[in-house]
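The values are calculated or read from the model by the stated rules, or taken from the named source; none is laboratory data. In this text, all values refer to a predicted model and were calculated from it rather than measured experimentally. When we count neighbours, we look across all protein chains shown, and the Cβ atoms used for this are built from the backbone with ideal geometry, even at glycine. What goes into the accessible areas is simple: the full protein's heavy atoms, side chains included, and nothing from ligands, DNA or RNA. Shrake-Rupley method; radii C 1.70, N 1.55, O 1.52, S 1.80 Å.
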Amino acid sequence: MNWHTLSADQIFTATGSAPDGLTSAVAEERLLEKGPNVLHEKQQKSWLAVLAGQFKEFMSLVLIAAAVISGVIGDVTDSVIIIVIVLLNALIGFIQEFRAEKAMAALKKMAALHAVVFRDGLPVRKPAAELVPGDVVLLEAGNIVPADVRLLESHSLRLDESALTGESLASEKITEPVSSENLPLADRLNLAFKGTLVSYGRGQGVVVATGMDTEIGKIASLLQEEDTLTPLQLRMADYARKLSFIVIGICALLFGMGLLRGEEPVNMLLVAISLAVAAIPEALPALITIALAMGARRLSRQNALIRHLPAVETLGSVSFICSDKTGTLTLNKMHVTEVEEADARIPEVEISPFLLAMALNHDVRITDDGKFEGDSTEVALAEFVIGKIGWDTYHRIVSRFPRTGEIPFDSDRKCMTSLHRFGEKYLIITKGAAESILTRLKEKPGFFHQRSELMGANGLRVLGFAWKVVGNMPELLTAESVENQLVFAGFAGMVDPPRPEAKAAIDACRTAGIKPVMITGDHPATAAAIAREIGILDDTGLVISGTELQQISPGALAEKAANVCVYARVSPEQKIRIVKALRDKGQFVAMTGDGVNDAPSLRAADIGVAMGINGTDVSREASDMILLDDNFATIVKAVKEGRRIYSNIRKFVRYIMTCNSAEILTIFLAPLLGLPIPLLPIHILWINLVTDGLPGLALAVEGAEEDVMRQPPRHAGEGLLSGGIGLHIVWVGLLMAGVTLGVQFWAIHVQDAHWQTMVFTVLSLSQLGHVMAIRSEKTFLYRQGLFSNKPMLASIVFTFILQMAIVYLPAGHDIFHTQPLNLTELAITLGLSAVVFHAVELEKWVKSRILQPPSYSRV
């Protein structure tokens, strides 16, 4: 129901209440009917069910199958390692599953514990959980509003609703009905919402909604929607399915061909199982987890705290960043940017009436160390005037004109007045909204009226000042007796200015193919002015208000969303609509926010970004990442880190799958060529865990490509093997297998007894050459330098030493069934191992000279 449109009598009729509240009997009946005034949670899964759910992902099932197979064929070590990896990944997922529960717990903390309510005609203190619709409650400064309340009395009542509505300024409350039905929450000025804070004044009203029916209750319902899968999770699931089908097909083909050749079924089954174990990249999930963890640690040093590990990679996929304005794109600190001053002067006063009014008419407290405390608007005025006249003049003025009385601000008059002793006379200063000041002037200057409208249209908050000098202190200090026949002093236009680095960050987004969008609770004109200044809004961009958004169908919004740059005065449900509209068009969306109203959209987005300084507990618990400095530029740094991480993950896949494909092809093709099985199971285990693992781990610290922020975001349908990686895996795998089988064929042909050790070493060292070459997709190793990734160099040297140790040390002979190579054999092995490195470097040259570089466009 549109409670804000109803009169007091209609409110009492609709709620079955009266000015003196409900009787205790009626209240008890309604409590039984409506339930307690608390937020409810959906039934939580048991910890066992949550844990079991972690093993349902396709990659986990594949790895479990690989572990069972390894155990069956006797590779117990391999089996144990795979199980440990699966358990580690399950534990991470298990921990993350409780994020929604934490968000609900933080939301509950906002609820008021007690409230003063009229029962049986008397004010009594009751637990807020016992409030029911129809209760008449009292509100005073410092109270948390206990339910959604339609206000019937307001005495200078102001509410801090920023956490719920996104409006940065305190809301001035009224009691009269508001005629328009489809209003954003911030414009329903005669309502007080559950969980908001009374910052000034007092009031009284009727409870119109409790529990989950309140606006904060609706947000609680939205928070209980299921989490969305991250791009990495989607790509890994797709990759695991495709890999499994390929492996099963190859193993079945090998088994069938062996039977046709007359091989023993049991032997061929063991060979096929060995091939399957070789093909499963059991180290890949661990490498990805480590890369994400290292990326999260690196981001924490750049003021970005990662709460949900896959969010590190998700950042690299972002194509839209929907950002709040206040504190993220702006400084969250009002500044006076424009003034218009009248020519009139007060005799015997050294400064103009405009500066004098700004110096005297405020309630800012200045601490001993020179800091300002008070309302952000008044702090801005005080800072401006002190900057103009200096501290000494300011203190002299304040001492010369002591305040002797005031008429407080109220939302009907939209102004406040202070009275100051001026020798034997009294100086009256009135400050307020421009239109309110102009109606109280003795002479109305047309130019200044036009100027104030222009400043307001440019997104400035305009305050006017007026004055007069009277001979005596007014006997009756009322607005009617004092606020008239005033002399105009001037206008001050204020704005929360953009962060200095915001424009550069916005430009970096556009270069990277990412579209920044402002979503705010502020007025459309204010939001548009800031958006235009920092480069979010251009001549082709659209500005849509919450009221307009309400009239747009989901389908029409999905088509229009790509061109909208600013959303103003939007509700929590509308923020989710925006996110879903963009995601329906295949976009990856990052959403920033700091208030309770942002929490549902933070969860609905691909990555939710909460504010660490000004954010609420609810928004932080619902997010994937927290900005410790509340700075939009930090998001751009995080996007760059996410792209680097994803690029390195693709390098993992390229490296590990190329190595595995070489192993598969070596084992698969050898029997077809009439050669014995070239590798033992222990050799495959060594290659998978050591030769693959250590250099693969070093890829996690590989630096970003030079053009990483000049590339467009990855397409939603892009898989881990796209962009030429699948082709690379095939041709380099064939080359590596060809070199390995060539060594085997030659060594057997010349009757070299060490042929298996040579095959094992060539395959191992070829992979080390491969990992050095794929450190960059475009830059040659000689330009990168060996020392640009010191962990990589150390891992290659260490792995090479280990390989030589198992070839030449007796212990290696016993475990790996190797034999020491003579100098000729070693020289041949090392020479052939370098073939793959040079071939991959040649691939980069071919791509740079023949193939066109990928295009990108600014958005």
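Residues checked against (1) crowded, with 23+ Cβ neighbours inside 10 Å; (2) among the β-branched types (Val, Ile, Thr); (3) closer than 18 Å to Leu329 by Cα:
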residue: Ala610; (1), (2), (3): yes, no, yes
residue: Ser623; (1), (2), (3): yes, no, no
residue: Phe632; (1), (2), (3): yes, no, yes
residue: Ile635; (1), (2), (3): yes, yes, yes
residue: Lys640; (1), (2), (3): no, no, no
residue: Ile645; (1), (2), (3): yes, yes, no
residue: Arg654; (1), (2), (3): yes, no, no
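Scan the range 385-411 for residues that are touching a residue at least 12 places away in the same chain (Cβ under 8 Å), assigned to a helix (DSSP H, G or I) and of a type in the set (S, T, N, Q) and jot them down.
Correct list: Thr393 only.
Hey, among the residues in the range 334-344 that are surrounded by fewer than 18 Cβ atoms within 10 Å (Cβ to Cβ) and out of contact with any Gly (no Cβ under 9 Å at 6 or more places or on another chain), which one's nearest to Leu602 (Cα to Cα)?
So the first thing to find is which residues in the range 334-344 are surrounded by fewer than 18 Cβ atoms within 10 Å (Cβ to Cβ), and the list is 335, 337-339, 341, 343-344.
Subsequent filtering for residues that are out of contact with any Gly (no Cβ under 9 Å at 6 or more places or on another chain) retains 335, 343-344.
Numbers: His335: 30, Asp343: 51, Ala344: 53 Å.
Applying the filter and picking the extreme gives His335.
Looking for whichever is without any contact (Cβ under 8 Å) to a residue 40 or more places away in the chain and crowded, with 17+ Cβ neighbours inside 10 Å here; the options are Gly733, Gly726, Gly812, Gly785. Which one fits? If you could, list the steps in order and put the result at the bottom.
Details: Gly733 fails: without any contact (Cβ under 8 Å) to a residue 40 or more places away in the chain; Gly726 fails: crowded, with 17+ Cβ neighbours inside 10 Å; Gly785 fails: crowded, with 17+ Cβ neighbours inside 10 Å.
None of the others qualify; the one that does is Gly812.
Please count how many residues of the range 201-255 are modelled with pLDDT of 80 or more, within 30 Å of Trp3 (Cβ to Cβ) and part of a helix (DSSP H, G or I).
Selection size over the range 201-255: 7.
Of the residues in the range 296-320, how many are surrounded by 20 or more Cβ atoms within 10 Å (Cβ to Cβ) and within 12 Å of Ala638 (Cα to Cα)?
Of the residues in the range 296-320, 12 are surrounded by 20 or more Cβ atoms within 10 Å (Cβ to Cβ) and within 12 Å of Ala638 (Cα to Cα).
Give the residue that is farthest from Lys218 (Cα to Cα), with candidates limited to residues of the range 122-164 that are touching a Pro at 6+ places or on another chain (Cβ under 6 Å) and not in a helix (DSSP H, G or I).
Filtering the range 122-164 down to residues touching a Pro at 6+ places or on another chain (Cβ under 6 Å) leaves 128-129, 131, 156.
With the extra rule that they be not in a helix (DSSP H, G or I), the set shrinks to 131, 156.
Working: Leu131: 18, Ser156: 29 Å.
Of everything passing the filter in the range 122-164, Ser156 is farthest from Lys218 (Cα to Cα).
Rundown of residues vs (1) of a type outside the set (Ser, Thr, Tyr); (2) open to solvent by 50 Å² or more (accessible area, probe 1.4 Å), yes/no style:
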position	(1), (2)
Phe118	yes, no
Leu131	yes, no
Asn143	yes, yes
Pro146	yes, no
Arg150	yes, no
Glu161	yes, no
Glu172	yes, no
Ser180	no, yes
Ala186	yes, no
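Residue check: is Gly493 at negative phi and without any contact (Cβ under 8 Å) to a residue 12 or more places away in the chain?
Details: at negative phi: yes; without any contact (Cβ under 8 Å) to a residue 12 or more places away in the chain: no.
For Gly493, the condition - at negative phi and without any contact (Cβ under 8 Å) to a residue 12 or more places away in the chain - is not met.
Enumerate the pairs (first residue in the range 664-690 and without any contact (Cβ under 8 Å) to a residue 24 or more places away in the chain; second residue anywhere and buried (at least 18 other Cβ atoms within 10 Å of the Cβ) and part of a loop (DSSP other than H, G, I, E, B)) with beta-carbon separation below 9 Å, excluding pairs fewer than 6 apart on the same chain, so at least 6 apart or on different chains.
none
Among the residues of the range 350-384, which ones are in contact (Cβ under 8 Å) with a residue 60 or more places away in the chain, open to solvent by 20 Å² or more (accessible area, probe 1.4 Å) and outside any helix (DSSP H, G or I)?
Asp375
Being surrounded by fewer than 23 Cβ atoms within 10 Å (Cβ to Cβ), small (Gly, Ala, Ser), touching a Leu at 6+ places or on another chain (Cβ under 7 Å) and farther than 30 Å from Lys468 by Cα is true for just one of Ala528, Ala508, Ala561, Ala556. Which residue is that? Reasoning before the result, please.
Working: Ala508 fails: touching a Leu at 6+ places or on another chain (Cβ under 7 Å); Ala561 fails: surrounded by fewer than 23 Cβ atoms within 10 Å (Cβ to Cβ); Ala556 fails: touching a Leu at 6+ places or on another chain (Cβ under 7 Å).
The conditions single out Ala528.
Say we look at the range 420-437 and pick out the residues that are buried (at least 20 other Cβ atoms within 10 Å of the Cβ) and part of a helix (DSSP H, G or I); which of these is farthest from the chain's Cα centre (by Cα)?
Ile437
Can you pull out every residue in the range 593-623 that is touching a Ser or Thr at 6+ places or on another chain (Cβ under 7 Å) and of a type in the set (S, T, N, Q)?
Once the filter is applied, which keeps residues that are touching a Ser or Thr at 6+ places or on another chain (Cβ under 7 Å) and of a type in the set (S, T, N, Q), the range 593-623 yields only Asn597.
Return yes or no: is Thr520 open to solvent by less than 20 Å² (accessible area, probe 1.4 Å), within 22 Å of the chain's Cα centre (by Cα) and within 30 Å of Thr592 (Cβ to Cβ)?
Details: open to solvent by less than 20 Å² (accessible area, probe 1.4 Å): yes; within 22 Å of the chain's Cα centre (by Cα): yes; within 30 Å of Thr592 (Cβ to Cβ): yes.
Yes, satisfied.
Please enumerate the residues belonging to the range 446-475 that are over 18 Å from Gly490 (Cα atoms) and of a type in the set (D, E, K, R).
Glu475 - this is the single residue of the range 446-475 that is over 18 Å from Gly490 (Cα atoms) and of a type in the set (D, E, K, R).
Do we find a residue being open to solvent by 70 Å² or more (accessible area, probe 1.4 Å) and among the hydroxyl-bearing types (Ser, Thr, Tyr) anywhere in the range 754-775? Even if it seems obvious, please write down each step before you answer.
Of the residues in the range 754-775, the ones open to solvent by 70 Å² or more (accessible area, probe 1.4 Å) are none.
No, that holds for no residue.
Determine if the range 563-575 includes at least one residue that is farther than 28 Å from Asp629 by Cα and at pLDDT 90 or above. Show your work before the answer.
Residues of the range 563-575 farther than 28 Å from Asp629 by Cα: 563.
From the residues that got through so far, the ones that are at pLDDT 90 or above too are 563.
Within the range 563-575 (the criterion being farther than 28 Å from Asp629 by Cα and at pLDDT 90 or above), the answer is yes, since at least one residue qualifies.
Being at pLDDT 90 or above, over 15 Å from Gly459 (Cβ atoms) and not β-branched (Val, Ile, Thr) is the filter here, so list the residues in the range 482-501 that pass it.
Glu483, Asn484, Gln485, Leu486, Phe488, Ala489, Gly490, listed by residue number.
Given the criteria among the small types (Gly, Ala, Ser) and touching a Phe, Trp or Tyr at 6+ places or on another chain (Cβ under 9 Å), does Ala192 qualify?
Working: among the small types (Gly, Ala, Ser): yes; touching a Phe, Trp or Tyr at 6+ places or on another chain (Cβ under 9 Å): no.
Taking the combined requirement at face value, the residue does not satisfy it.
Could you tell me which of the residues Ala605, Ala581 is at pLDDT below 90, under 18 Å from the mean Cα position of the chain (by Cα) and open to solvent by less than 10 Å² (accessible area, probe 1.4 Å)?
On the way: Ala581 fails: at pLDDT below 90.
Just one listed residue meets the conditions, Ala605.
Give just the number: which of (1) part of a loop (DSSP other than H, G, I, E, B); (2) in contact (Cβ under 8 Å) with a residue 60 or more places away in the chain; (3) open to solvent by 30 Å² or more (accessible area, probe 1.4 Å) does Leu476 not satisfy?
So Leu476 meets the others, but not (2).
Hey, can you tell me all the residues within the range 107-121 that are modelled with pLDDT of 90 or more and over 13 Å from Ala27 (Cβ atoms)?
Val116
For residues that are charged (D, E, K, R) and part of a helix (DSSP H, G or I), scanning just the range 440-473, find the one that is modelled with the highest pLDDT.
Applying the first criterion (charged (D, E, K, R)) to the range 440-473 yields 440, 442-444, 451, 453, 461, 468.
Now restrict to residues that are part of a helix (DSSP H, G or I): 451, 453.
On the way: Arg451: 84, Glu453: 81.
The extreme case among them is Arg451.
Give me the residue from the range 523-562 that is of a type in the set (S, T, N, Q) and within 30 Å of Thr337 (Cβ to Cβ) and, out of that set, modelled with the highest pLDDT.
To start, the set of residues in the range 523-562 that are of a type in the set (S, T, N, Q) comprises 526, 540, 545, 547, 550-551, 553.
This time we only want the ones that are within 30 Å of Thr337 (Cβ to Cβ), so: 526, 540, 545, 547.
Numbers: Thr526: 81, Thr540: 87, Ser545: 90, Thr547: 86.
Here the answer is Ser545.
From the set of residues in the range 333-354 that are under 27 Å from Ile530 (Cα atoms) and in contact with a helix residue (DSSP H, G or I) (Cβ under 8 Å, 6 or more places away or on another chain), which is modelled with the lowest pLDDT?
Per the criteria, the residue is Lys333.
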